[in-house]
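Worksheet: the structure to be examined is printed underneath.
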Amino acid sequence: MLQLNGLTKVYNTGDKALSDVTLSIPDGQVVALIGPSGAGKSTLIRCVNRLVEPTSGEALLDDINITTLGSGGLRKARRKMGMIFQEYALVERLTVMENVLSGRLGYVGFWRSLFRKFPQKDVDEAYRLLDRVGLLAMVDKRADELSGGQRQRVGIARALIQNPSLLLVDEPTASLDPKTSRQIMRLIVELCEERGLSAIINIHDVALAQMFVQRVIGLETGKVVFDGAPTELTPEVLTQIYGEEDWEATIEKVDDDAEEAV
Amino acid sequence: MPMQEKNGQKVWQLRTTKSQWIRWGMWLVGLVIFILSWQEISDKTLWFMMDNVGEVIVDIGSRATPPRWSYINQLWWPIWDTLAMATLGTIFALIMAVPVAFMAARNTTPSKFFVRPFALLIIVSTRSVNSLIWALLLVSIVGPGVFAGLIAISIRSIGFCAKLLYEAIEEISETQVEAIRATGASPLQVMVYGIVPQIMPAFAGIAVFRWDINIRESTVLGLVGAGGIGLQLQSSLNVLAWPQVSLILLVILFAVIIGEWISAKVRGAII
């Protein structure tokens, strides 16, 4: 369970990216975080694993206060949080296998990782995950040889091999075509179900979010302005989050999508 | 250029008339400086030496040919010294340049205010002095020979390699580093997985490029007594043994071509 209490981030430039965000995400819940560009979505998930240091407030994962951990404790806590990125953020010149195994770095000593001597059970798990995301044939390819959708699958495998209890997902589909986007979202949601993971998914595509998640949080200039079920996303709510626009076409008829998502 | 209307038409020019005149003025100033400098050089040149320039070239050319091929047996060892000096010098320089580069790069330096200026000072000071000067100094410190040349080559190369490498480090994609950090990796692991793969092509390119330069530099270090084939060149020049000089130049040319060929191959294989 992830609990955020009054999480606030003010950048050195004076921009207030997050102000007093309080919310809790129970185990196994997949949450979509929507909001206009610059609303603080990326900042929020980066404050959870402290790639960005929050200015004040606290983030607790399974009752451990991440915000006050020292560097050693933080590294341990990060192992429990898998992160998936918009531009995949694979190490381009390493192979698919090395990229996946890099998810185990928090568990493996320096020399073993330097010489790529990962424990056999990690390698087994990597094969299992690559099989699960459909990339078993690509094991020895270099990451920069893969297509966008394939890269994101590697990114997912890298996050999952950490054996996390929470996934932080930053715009997983923003660089992908509509079909691949759906496949990737479906894969993430399925995997969360299989493993009982909770997840925060930053996403621009409101319809896509409605299709796959149980809960939507709307962020606007660093504040939570909506928190509810996907069905509750009305044109009024979207206007509040994004500003005035004709929203009728954006909102999916949820009945149809419930079928499609199955 | 602000919009102008002439006879009801919108006229467009890249520059205003004033800035155009300023540009012409600058060109004129440049031209005057060039002519004055030329004048200065001309006044200090002994033009009468040039009267028989063609004859002298033909004369030296005829004395230098054919090269004294039998002299080659005395050159094997010096050319080996030269190549060893260049290669070992490059390796030592790289070993020292890597930590300096990491200290100098803005995104990896331990401290922007204390460590980074120190690293930049190392880079600037080793780069600013020519290896021939380093060799001169070192010959008087450690005595003449290959060792002095080796040290000269490595010192001169530290700054060069570290500068190019730290620029490569500053250009890496930060999100890849972030992704590794997010897995709970230690700082050393972040370096090995997040940074090193990204700078490997640059590193390999810098290494062979500098090695290539060092082969050429090490051929002349002998002129100041720092070992290698330059010693033979010096002594041959001193006794006006032109056939030997031409052979040495051929050998140097050959070594440089081999060096370029190898470095081109290596670069092609890695990038």
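The values are calculated or read from the model by the stated rules, or taken from the named source; none is laboratory data. Not measured: the values here are computed from a predicted model. Neighbour counts are summed over all protein chains in view; Cβ atoms, including those assigned to glycine, are modelled from backbone coordinates with ideal geometry. Quick note on the areas: whole protein, heavy atoms, side chains included, nothing else; ligands and nucleic acids left out. Shrake-Rupley method; radii C 1.70, N 1.55, O 1.52, S 1.80 Å.
Computed values, structure above
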| item | result |
| --- | --- |
| MRE, 222 nm, helices only [DSSP H, n ≥ 4, -39500 (n - 2.57), over chain B, to nearest 500] | -24000 deg cm²/dmol |
| Carbon/sulfur fraction of accessible area - region A:54-156, other protein chains in place, 1.4 Å, % | 51 percent |
| Inter-probe distance in nm under a simple model that places probes 7 Å from Cα toward Cβ, at A:Thr250 and A:Ile64 | 3.8 nm |
| Threshold 40 Å², region A:95-122 residues less accessible with all protein chains present than alone (1.4 Å probe) | A:Leu105, A:Phe110 |
| Chain B: C-alpha gyration tensor shape, a/c 1.5 cut-off, then a/b vs b/c | oblate |
| Sequence-separation-based contact order of chain B, relative, with Cα cut under 8 Å and 6+ spacing, percent | 23 percent |
| Estimated dipole of the protein assembly as shown in Debye, rounded to 20 [Cβ of Lys and Arg +1, of Asp and Glu -1, Cα centre] | 2260 debye |
| Alpha carbon centroid spacing (whole Å) that separates region B:1-45 from region B:61-90 | 52 Å |
| B:Val196 accessible area, 1.4 Å probe, all protein chains in place, Å² to nearest 10 | 50 Å² |
| Which of B:Ile33, B:Leu14, B:Gln4, positive extreme of dipole for region B:4-43 (C-beta unit charges) | B:Gln4 |
| Eligible lysines near A:Lys117 by straight Cα distance, threshold 29 Å, same-chain separation 8 or greater | A:Lys76, A:Lys80, A:Lys141 |
| Spin-label pair A:Glu190/B:Met191, simplified geometry with 7 Å Cα→Cβ offset, distance in nm | 4.2 nm |
| Per residue, in Å², the accessible surface of the protein assembly as shown once ligands and nucleic acids are set aside, probe 1.4 Å | 51 Å² |
| Total formal charge among the other residues, if their Cβ is under 10 angstrom from that of A:Lys41, Lys/Arg +1 and Asp/Glu -1 | -1 |
| Cβ-defined net charge surrounding B:Leu240, 15 Å radius [Lys, Arg +1; Asp, Glu -1] | +1 |
| Estimated FRET transfer efficiency when R0 is 35 angstrom, pair B:Ile95-B:Val256 (beta carbons, to 0.05) | 0.90 |
| Extreme residue, positive dipole direction of region B:134-207, given options B:Ala185, B:Ile153, B:Ile169 (C-beta unit charges) | B:Ile153 |
| R0 of 51 Å, Cβ-Cβ distance B:Trp77-B:Asn107: FRET efficiency to nearest 0.05 | 0.65 |
| Among B:Val177, B:Val139, B:Val98, residue whose mean-square fluctuation peaks in a GNM of chain B (springs only between Cα atoms under 10 Å) | B:Val177 |
| Average beta-carbon neighbours from other chains, 10 Å sphere, peptide B:187-196 | 4 |
| Centre separation in Å (Cα based) which lies between region A:92-140 and region B:169-201 | 16 Å |
| Cα lying deepest toward the dipole's positive end in chain A, options A:Ile66, A:Met185, A:Ala17, charges on Cβ | A:Ile66 |
| Environment charge at B:Gln13 (Cβ cut-off 15 Å; Lys +1, Arg +1, Asp -1, Glu -1) | +4 |
